[in-house]
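First the structure, in the form of structure tokens, and then the observations on it.
The values are calculated or read from the model by the stated rules, or taken from the named source; none is laboratory data. Everything numeric here is computed off the predicted structure, so don't read it as measured data. Ideal geometry is used to build each Cβ from the backbone, glycine not excepted, and the neighbour counts take in all protein chains shown. Calculation scope for accessible area: heavy atoms of the full protein, side chains included, ligands and nucleic acids excluded. Shrake-Rupley method; radii C 1.70, N 1.55, O 1.52, S 1.80 Å.
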Amino acid sequence: MSHDLVTMGRVSVDVYPLQTGVPLEDVESFGKYLGGSPTNVAVAAARYGHRTAVITRTGDDPFGRFIHRKLREYGVDDRFVTPVPGLPTPLAFCEIFPPDHFPLYFYRYPKAPDLEIHPHELDLDALRSARIFWATVTGLSQEPSLAATLDALEVHPGTTVLDLDWRPMFWETRDDAQERIAAALRNTTVAIGNLEECEVAVGEREPRAAARALLARGVSVAIVKQGPRGTLAASADGIVEVPPTPVDVVNGLGAGDAFGGAVCHGLLRGWDLERTVRFAGAAGAIVASRLACADAMPDAGEVERILGGGAGTGTPDGRATRNGADDGMGTTGGTSDKESTG
């Protein structure tokens, strides 16, 4: 069976408080969820009926078994998810202070197993046959994941997507990131990032300049997420700008992953760029209005309803306060404004 989408990179168990507006030291109960940005993207695309798989690694432990179980429940092929003896499955905690502050705390020590993806372990036939391959900048942060990610981008003959995914705590220097991102962009069709991530990748923070710089690096489509100002997307055919989809934010940490899965849906359907980005923004808004990430991914009907002006975000009263396509709604301790955990 060939896949519509194969993603590669981070996975985690997200441990989210069930009380909002409370620091972690005072939280009394938590929920346990599947997490990690490329993992969530695979889940999001599967919700639209696509055949998806994720390439990642876990610990050989109960949390790793939980990840396999949840992937199967969501309809994501887990055949490329393998254990790394001696390394625990990563955990990610957050605090929830709506509408725009969601501190993240990563437990990826001594090393995350998803950074132990080796080039020789890749199923090159499965990669080549997939319609879309999705990779992340975090996967470039350490070997052997760096070499494996670059190899996968190079061998894939179709559409490749690079999530610019800048998380400074995973890197020694910004210069290292810029050099490795440049190498990855040589084999990237679609690049997606927020303003800070674009600045890291190509040295430009102004949206149009960032998009032009990404196109100059050889990508066919550049998507620049601007939070409450919406999304700018550019290709050789021109620039489209899509306003935000307003929602009452519950937890912004899954919005960007929902956005990414919806972009893949639009690419697979052959939609034009404006329709794809508009759909993706609405998908992100829906997830921002909910607590979890993977559990919260909408189906196509939910997204179409919110685009049509109907209910579907899961908010109590539909009040418009924040853009759900913002890739993460807060920062802490040097973390970037990012859409997911793990």
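Considering (1) closer than 26 Å to Cys94 by Cβ; (2) at pLDDT below 90, the lone condition that Gly310 does not fulfil carries the number (1). Taking region 1-66 and the strands (runs of 3 or more DSSP E) fully enclosed by it, the elements with 2 or more residues that are surrounded by fewer than 18 Cβ atoms within 10 Å (Cβ to Cβ) are at 30-35.
Tell me, please, whether a residue that is polar (S, T, N, Q), open to solvent by 20 Å² or more (accessible area, probe 1.4 Å) and in contact with a Leu (Cβ under 7 Å, 6 or more places away or on another chain) can be found in region 138-159. Yes - at least one qualifying residue is present in region 138-159. The residues of region 194-225 that are closer than 15 Å to Gly256 by Cβ and either part of a helix (DSSP H, G or I) or in contact (Cβ under 8 Å) with a residue 60 or more places away in the chain (or both), listed by number, are Asn194, Leu195, Glu196, Glu197, Cys198, Lys225. On inspection, Phe170 passes the criterion of being farther than 23 Å from Gly261 by Cα and aromatic (Phe, Trp, Tyr).
In the condition set (1) under 22 Å from Ala177 (Cβ atoms); (2) at pLDDT 95 or above; (3) among the small types (Gly, Ala, Ser), Gly266 is compliant with all but (1).
Screening region 73-106 for residues that are over 18 Å from Asn40 (Cα atoms) and without any contact (Cβ under 8 Å) to a residue 60 or more places away in the chain and picking the one that is surrounded by the fewest Cβ atoms within 10 Å (Cβ to Cβ) gives Pro85. Selection over region 233-245 of residues that are of a type outside the set (Gly, Ala, Ser) and under 15 Å from Gly284 (Cβ atoms) gives a count of 4. Counting only residues that are in a helix (DSSP H, G or I), surrounded by fewer than 22 Cβ atoms within 10 Å (Cβ to Cβ) and touching a residue at least 60 places away in the same chain (Cβ under 8 Å), region 233-277 holds 1 of them.
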